[in-house]
Amino acid sequence: MIDVRPSQRMRDLGVVQHGAGILAEPARAFDLPAERDEAERIVDELFAAMERIGQVHPFAKGMGIAAPQIGIGRAAAVVQPPGDAPAIILLNPRITTGSDETDEQYEGCLSFFDVRGLVPRPLKITVETTALTGETAATVYERGLARLIHHEIDHLDGLLYTARMRSDIAPIPVEEYRQTGRAWAYE
């Protein structure tokens, strides 16, 4: 049996991989409600991608995917919290505040799934999003959910988690990460 690298498996499932230009570019915001149909179509594509990925890889701590990761340069992402919580749809999200209190946890990314990296992030963030109707709303997220959402918003800003890592730390191979016993991993 041929051992398929996790990144190759993600590529086969339609996830754009590290090095693709679209991952380094800020995503274009939606003009809502004028682009409502386009936003709904892209959100549907994100949910379909999450379904495909979820069938081959379990995400006990939750998962998220941003439109650039499926080759669409628009400001949309979907986050599935752990457990039975409903998915969170993020349209034109932006972080308006972040707590001074941070923690550093391992993160993974569907766009380079062979490694994990220690990433410091605020324990609490406030995120402003736009509804399909054009209204904006602000929501506060904490701890693990804040980390998941911040990671996806970074994708929409053209950043990968490696940009947030301390300069003296490098990502580690997923095989080595599995031996760390660290409790948090967001992918």
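The values are calculated or read from the model by the stated rules, or taken from the named source; none is laboratory data. Since this is a predicted model, take the numbers as computed values, not measurements. Here the Cβ is made from the backbone with ideal geometry for all residues, glycine too, and neighbour counts use every protein chain on show. Just so you know, the surface numbers come from the protein's heavy atoms only, side chains and all, with ligands and any DNA or RNA stripped out. Shrake-Rupley method; radii C 1.70, N 1.55, O 1.52, S 1.80 Å.
Tabulated data
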item	result
Residues (surrounded by 15 or more Cβ atoms within 10 Å (Cβ to Cβ) and within 23 Å of residue 5 (Cα to Cα)) located in the stretch 164-175	171, 172, 174
Test: residue 161 is in contact with a helix residue (DSSP H, G or I) (Cβ under 8 Å, 6 or more places away or on another chain), of a type in the set (Ser, Thr, Tyr) and surrounded by 14 or more Cβ atoms within 10 Å (Cβ to Cβ)	yes
Contacts under 6 angstrom Cβ, first residue in the stretch 78-106 being among the basic types (Lys, Arg), partner open to solvent by 50 Å² or more (accessible area, probe 1.4 Å), 6 or more apart	94/128
Residue 52, sole failed condition from (1) touching a Lys or Arg at 6+ places or on another chain (Cβ under 7 Å); (2) open to solvent by 50 Å² or more (accessible area, probe 1.4 Å)	(1)
Selection count, the stretch 110-153, where residues are in a strand (DSSP E or B) and open to solvent by 10 Å² or more (accessible area, probe 1.4 Å)	16
